[in-house]
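Here's the structure, in structure tokens; my notes come after.
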Amino acid sequence: MTNNHRIDRRRFLAGAAQAAGLLLLAGCDNLSRSEWFPRLLGGAEGLTRRAQRLLTSRKAMAKEYTEAELSPVFPANGNNDPDNPDYQAMAQNGFADWKLQIGGLVQHPASLSLAELRALPARTQITRHDCVEGWSAIGKWKGAPLGMLLSLAQPLPAARYVVFHCADPDEDDQAYYESLDFEDAYHPQTILAYELNDHTLPVAHGAPIRLRVERQLGYKHAKYVMRIELVEGFESIAGGKGGYWEDQGYEWYAGI
Ligand SMILES: Nc1nc2c(c(=O)[nH]1)N[C@H]1C(S)=C(S)[C@@H](COP(=O)(O)O)O[C@H]1N2
Ligand SMILES: [Mo]
């Protein structure tokens with residue numbers, strides 16, 4: 001790691017103390033954006049009723065549940081133990097050497113250890129996970145709000161999507177990846193979770209961190225996130241459709 005990179009990281013972390021304030025700033029961004037939402041909806045000449053519902057519902061919070069409603073068992077699905085020697089070595093070591101990279105179209109690229117992520121203000125939420133394969137489970141997730149990390153990294157004006165690169169390759173060595181637009185990336189319930197049901201996130205569920213994006217289907221919730229990249233478009237990444245399953249024909253916006 002270059003010295004420059006270290007300095008960047010220190011500056012990045014110094015900002016963490018102001019994270020709550022920055023979150024408010026991010027909120028303001030959303031507010032100013034929400035100024036044109038009502039106008040858009042008010043003069044909805046070109047908009048169908050269905051499109052209006054889509055716009056308004058994307059602002060909504062996903063339902064949250066109580067401890068009493070937690071599923072007795074939360075199934076693990078998809079890859080549950082990445083076939084990747086680098087990942088296996090980090091897991092052996094309790095992810096002490098793991099670092100989350102944040103880069104691409106940002107002012108302040110950063111790399112954060114698990115301890116550093118855990119030191120940031122956290123959000124805890126009990127939500128229902130819905131997999132397209134036909135099962136659901138209610139779990140309690142704790143993690144760092146993605147919006148806060150993005151505010152610290154400061155996306156450049158050209159950035160439009162947040163891409164999550166994962167550790168697990170499939171049989172054809174195709175890496176799992178996912179992407180969100182800023183609407184979902186800055187949503188308060190979008191977090192990088194490092195705990196499930198009050199325990200350190202197990203490998204089967206995406207250790208050391210996995211995305212929770214609560215108003216979308218299971219496959220959007222990238223596990224084993226290694227690197228976050230801000231991009232203008234995702235056409236040039238893998239199959240070009242913005243995600244591992246999207247490249248095989250699934251919807252990019254998998255709203256529930
Ligand atoms: N990296 C990675 N993320 C992934 C998957 C995967 O195979 N690899 N599967 C997805 C699917 S289809 C679902 S339903 C959820 C399952 O999360 P869980 O194992 O915690 O239940 O993870 C999603 N994220
Ligand atoms: Mo799924």
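Protection proxy ranking for 58-68, 77-87, 143-153, using the average of other Cβ atoms within 10 Å per residue and placing the highest first: 143-153, 77-87, 58-68. Within straight-line reach of Lys59, meaning a Cα separation under 18 Å, sit the following aspartates and glutamates at least 8 residues removed in sequence or on another chain: Asp29, Glu35, Asp181, Glu183, Asp184, Glu214. Bin by bin, in steps of 5 Å, what percent of the Cα pairs in the stretch 179-239 do you find, going until the bin that has the longest distance? With a bin width of 5 Å, the distribution comes to 4, 16, 26, 25, 19, 7, 3, 1. Hey, any idea what the orientation-averaged projected area of the convex hull of the stretch 144-246's Cα atoms comes to, in nm²? In nm², the orientation-averaged hull projection of the stretch 144-246 is 6.6. Return P(r) of the stretch 30-248 (all Cα-Cα pairs; 10 Å bins starting at 0; whole %; ordered from short to long distances). Bin by bin from 0 Å, the calculated values are 8, 32, 37, 18, 4, 0. Sorting Tyr250, Tyr244 by accessible area puts them as Tyr250, Tyr244; the probe is 1.4 Å, largest comes first, and only protein heavy atoms count. Rounded to the nearest 20, the size of the Cβ-charge dipole of the stretch 101-213 about its Cα centre is 660 debye, with Lys and Arg at +1 and Asp and Glu at -1.
The alpha-carbon of Lys63 sits under 17 angstrom from the alpha-carbons of these lysines, leaving out residues fewer than 8 places away in its chain: Lys140, Lys142.
Full extension of the segment from Thr124 to Asn80, taken as 0.36 nm per residue of separation minus the current Cα-Cα distance, would add 13.5 nm. Here Glu246 sits with roughly 10 square angstrom of accessible surface, probe radius 1.4 Å.
The values are calculated or read from the model by the stated rules, or taken from the named source; none is laboratory data. Just so you know, these numbers come straight off a predicted model, no measurement behind them. Using ideal geometry, Cβ is built from the backbone for each residue, glycine included, and neighbour counts are taken over all protein chains shown. These accessible areas exclude ligands, DNA and RNA; they are computed on the full protein's heavy atoms, side chains included. Shrake-Rupley method; radii C 1.70, N 1.55, O 1.52, S 1.80 Å.
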